[in-house]
1. Identify all residues within the range 34-82 that are within 25 Å of HIS265 (Cβ to Cβ) and among the charged types (D, E, K, R); write none if there are none.
2. What strands (runs of 3 or more DSSP E) lie completely within the range 142-187 and have 1 or more residues being in contact with a strand residue (DSSP E or B) (Cβ under 8 Å, 6 or more places away or on another chain) and either without any contact (Cβ under 8 Å) to a residue 60 or more places away in the chain or of a type in the set (Gly, Ala, Ser) (or both)?
3. State the number of residues belonging to the range 205-236 that are crowded, with 19+ Cβ neighbours inside 10 Å and assigned to a loop (DSSP other than H, G, I, E, B).
4. Identify the residue in the range 54-91 that is within 14 Å of ligand 1 (Cβ to nearest atom), at pLDDT 95 or above and not β-branched (Val, Ile, Thr) and, among all such residues, is farthest from the chain's Cα centre (by Cα).
5. Taking interchain pairs and intrachain pairs at least six residues apart, which have beta carbon atoms under 7 angstrom, with the first residue in the range 122-139 and more than 14 Å from ARG162 (Cβ to Cβ) and the second of a type in the set (Phe, Trp, Tyr) and surrounded by fewer than 24 Cβ atoms within 10 Å (Cβ to Cβ)?
6. Please specify each residue of the range 51-84 satisfying the condition of being touching a Phe, Trp or Tyr at 6+ places or on another chain (Cβ under 8 Å) and either among the hydrophobic types (A, V, I, L, M, F, W, C) or assigned to a strand (DSSP E or B) (or both).
7. Step by step: first the residues of the range 74-97, then only those that are small (Gly, Ala, Ser) and surrounded by fewer than 23 Cβ atoms within 10 Å (Cβ to Cβ), then the one that is farthest from ligand 2 (Cβ to nearest atom). Which residue is that?
8. If you scan the range 238-271, which residues turn out to be part of a loop (DSSP other than H, G, I, E, B) and more than 10 Å from ligand 1 (Cβ to nearest atom)?
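The values are calculated or read from the model by the stated rules, or taken from the named source; none is laboratory data. Being a predicted model, the structure only gives us computed values, none of them experimental. For neighbour counting, all protein chains shown are included, and Cβ atoms are generated from backbone atoms with ideal geometry for every residue, glycine included.
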Amino acid sequence: MRSVKVSLGTRSYEIKIDSGLLAGLGPDCATLKLGQKCAVITDTNVAQRYAKPALTSLKRAGFEAVLITVPAGETAKRLKHVESCFNQLAEHRLERKSFIVALGGGVVGDLAGFVAASYLRGIPFVQVPTTLLAQVDSSVGGKTGVNLAAGKNLVGAFYQPRLVLCDLASFRTLPEREFRAGLAEVIKYGIIYDAELFAFLERDMAKILRRDAPSLAHIVARSCEIKADVVSQDETEGGLRAILNYGHTIGHAIEAITAYGRYLHGEAISVGQVAASLISAELLGLPAQDVERIRTLFIAAGLPVSIRLTSTQRSKLLAAMTLDKKVSAGEIMFVLAERIGKVIWGQKVPSAAVNRALDLVAQRTEH
Ligand code: NAD
Ligand code: GLY
């Protein structure tokens with residue numbers, strides 16, 4: 001088993017990475033010395049496959065566990081589901097010492113984490129991420145929250161879990177498209193922080209796509225190490241943590257103008273990262289060879305690298321970027337790359353440069 005520590009003083013926690021960890025959920029929670037009652041929050045897809053082993057493990061370890069199921073998909077990240085979870089927790093008399101287990105992808109993690117942060121002004125929670133995206137990104141670092149009609153993740157809290165269990169066996173049932181979308185975040189870690197990880201991905205992408213167990217253990221562990229390192233230095237995104245948003249300024253805008261329906265998050269940030277590399281070449285001198293390596297790696301992972309927009313969509317995209325949380329005093333702030341493995345945050349980018357990158361992205365095709 002691999003283990004990564006997120007160092008945040010008294011709120012530090014462990015990320016465990018291995019195949020078969022779900023069976024040990026109960027004993028792991030017992031080690032944390034939490035209260036006797038808990039609620040497993042999950043979605044309808046994940047419940048079918050993993051609710052039973054989770055509840056069995058918790059019950060065998062002596063916990064009184066209830067199951068709360070929300071609909072699968074982004075629509076679960078709404079205040080009405082937060083309220084429904086609160087009501088079910090109250091019905092089952094969960095108390096301050098009780099705890100929540102978030103069993104599922106990033107949607108469940110964000111929702112259940114926010115429920116844990118606010119029920120009785122905060123009760124402990126454990127993350128059991130079941131998608132690649134959730135294991136390498138959303139379950140680590142304490143960002144929790146839900147969406148409003150006005151935009152994604154507009155209500156939330158920084159609230160750290162007490163433990164993260166990344167069970168690699170959950171990838172056996174993960175649909176191919178979801179798996180590839182998670183790879184977009186892994187590639188991101190290579191670009192922002194670790195040229196060696198990037199080279200590993202270039203070399204071993206075929207093995208990773210075959211879901212080779214040692215390769216998966218390596219990419220999940222290395223991604224978690226990088227995220228833990230960044231979050232330990234800047235928990236609430238005063239500065240450095242912004243590097244985790246590489247490719248997200250354009251990516252989020254693509255998701256927004258397509259009504260969060262056409263692209264998965266990982267697919268949108270794949271195009272966003274390619275566009276950001278083109279802006280980086282223009283403004284920071286990212287070498288052309290690195291721009292090409294970035295594009296080639298996303299293609300190898302089966303992710304989109306181009307998007308064609310009508311002029312109306314282009315205007316909407318630029319407008320959506322100015323609504324993003326990464327805007328400061330009206331200026332669109334980007335994370336840009338100097339080279340693979342090194343980025344700088346807080347870069348002001350004129351909209352003309354964004355337009356030029358979008359022109360280039362539109363001309364490029366996957367083959
Ligand atoms: P998701 O939670 O919607 O899961 C994707 C789909 O896969 C769902 O249909 C789900 O039911 C299904 N699923 C999950 N695990 C499965 C498994 N093992 N086998 C079969 N099916 C499975 O999507 P996601 O990509 O995991 O997460 C996206 C969410 O994460 C977004 O809401 C995004 O805003 C959020 N996010 C949060 C952070 C953060 O730091 N908190 C970071 C990145 C993304
Ligand atoms: N996914 C971005 C962050 O956790 O900060």
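1. ASP43, ARG49, GLU74, LYS77, ARG78, LYS80
2. Per the criteria, 143-148, 151-158.
3. So the answer is 0.
4. Of everything passing the filter in the range 54-91, ALA54 is farthest from the chain's Cα centre (by Cα).
5. THR130/TYR50; LEU132/PHE171; LEU132/PHE179
6. VAL82
7. ALA90
8. GLY238, GLY239, TYR246, GLY247, THR258, ALA259, GLY261, ARG262, TYR263
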